[in-house]
Amino acid sequence: MKHLIDIKDLSVEEIDDLIKVANDIIANKEKYSHKCDGKKLATLFFEPSTRTRLSFEAAMLELGGSVLGFSESSSSSVSKGESVADTIRVVGCYSDIIAMRHPKEGAPLVACEKSTVPIINAGDGGHNHPTQTLTDLLTISREKGRLNNLTIGLCGDLKFGRTVHSLATAMSRYSGIKFVLISPDELKMPDYIKKNVLEKNNIEYCETKSIEEHLPELDILYMTRVQKERFFNEDDYVRLKDYYILNKAKLENAKKDLSILHPLPRVNEISTDVDDDPRAKYFEQALCGKYIRMALILNMLGIK
Ligand code: NCD
């Protein structure tokens, strides 16, 4: 049985296949509308979510399947003290596949040891978010026509932002990738990603506090929210939350074919005056999230 806990659980070839299937779904939606008839997806969200949970549910519904689950731990027996392992064992009796989000790093890995059905990590604390990365890869490949030879700026909370950890890991397997890591000192990319992922794969990168400095070189600018819920100290959050605010004026020196991505939700880091710039792709990205999750569900359930 296959689980998706870390983006590296999928080979580059498997990711290419998922992107192909997602593109085919976009072009031929009706062909897929009964592929999951009779199948059930459980979404177990121990942490808030809009896009990830709803795009998983929309994905399963568009495949003809059904969905069940909870969107906060307070409405499940977790609030009575039930362990993740027990919850997963039980939900496996009621569903064919489980997508789970949890505030604790590693919780989905623990869950898959006890699970009788495939588990998808829909975000574990400040660690990983592999299905957001699949969403990002589909978006980049549709916008740029390639996943290699790209200069990618990752901007904002690179310390606690799980999306950038998974994205950096995924992109490090392609050729000609350069990263510009843009963050305040307090929110730098963790050493384990820089050493074990970027340096190990000979990926060129630089670190800077300035968003303007490298903007003209970027093919992709991936903005992120400062992850309020992971701060120990409210004052630190308040001091750092508006460190970057991308607006139309700042984009003047950027490439004409830059793609601006953001996993969303956005707080203040992208001003709404950027939304009608043709380079703003974050809402298209959110839509890609549904199609790549449809492809992933089919793959993990072994449905052709
Ligand atoms: C992200 C997450 O949950 O990590 N959101 C998402 O899944 N689209 C980003 C965030 O919450 O900032």
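Derivation of every value follows stated rules applied to the coordinates shown; laboratory data play no part. Source: prediction; values computed, not measured. Because the Cβ atoms are built from the backbone with ideal geometry, glycine has one as well, and the counts that use them run over all protein chains shown.
Miscellaneous remarks
- DSSP-loop chymotrypsin sites (Phe, Trp or Tyr not before Pro) across the range 185-289, with at most 12 other Cβ within 10 angstrom: 232
- Counted as membrane-span-like here are DSSP H helices of the chain whose alpha-carbon atoms extend 20 Å or more along the helix's own axis and whose Kyte-Doolittle mean is 0.5 or above; these are 12-27, 282-300.
- Dipole-positive endmost among 237, 280, 249 within the range 130-286 (Cβ charges, Cα centre): 280
- The range 155-304: C-alpha gyration tensor shape, a/c 1.5 cut-off, then a/b vs b/c: rounded
- Surrounding net charge for residue 299, when Lys and Arg each add one and Asp and Glu each subtract one, Cβ distance under 9 Å: -1
- Rel. contact order, % - alpha carbon contacts under 8 angstrom, at least six apart, the range 254-304: 39
- Within-9-Å neighbourhood charge of residue 260 [Cβ basis; K, R +1; D, E -1]: +1
- Subset of 104/304; 2/255; 39/228; 8/281; 35/194 violating a 30 Å alpha-carbon distance limit: 104/304; 2/255; 39/228; 35/194
- Calculated mean residue ellipticity at 222 nm for the chain: -10000 deg cm²/dmol, from DSSP H runs with n ≥ 4 weighted as -39500 (n - 2.57), summed, divided by the residue count and rounded to 500.
- Available extension along the chain between residue 257 and residue 34 is 76.5 nm, counting 0.36 nm per residue and deducting the alpha carbon span.
- In loop segments of the range 97-149 as defined by DSSP, the GluC sites (Glu not before Pro) with at most 15 further C-beta atoms inside 10 Å of their C-beta are 105.
- Förster radius 51 Å - calculated FRET efficiency between residue 235 and residue 20, Cβ distance, rounded to 0.05: 0.60
- Charge tally around residue 10: other residues with Cβ under 11 Å, Lys/Arg +1 each, Asp/Glu -1 each, net -3.
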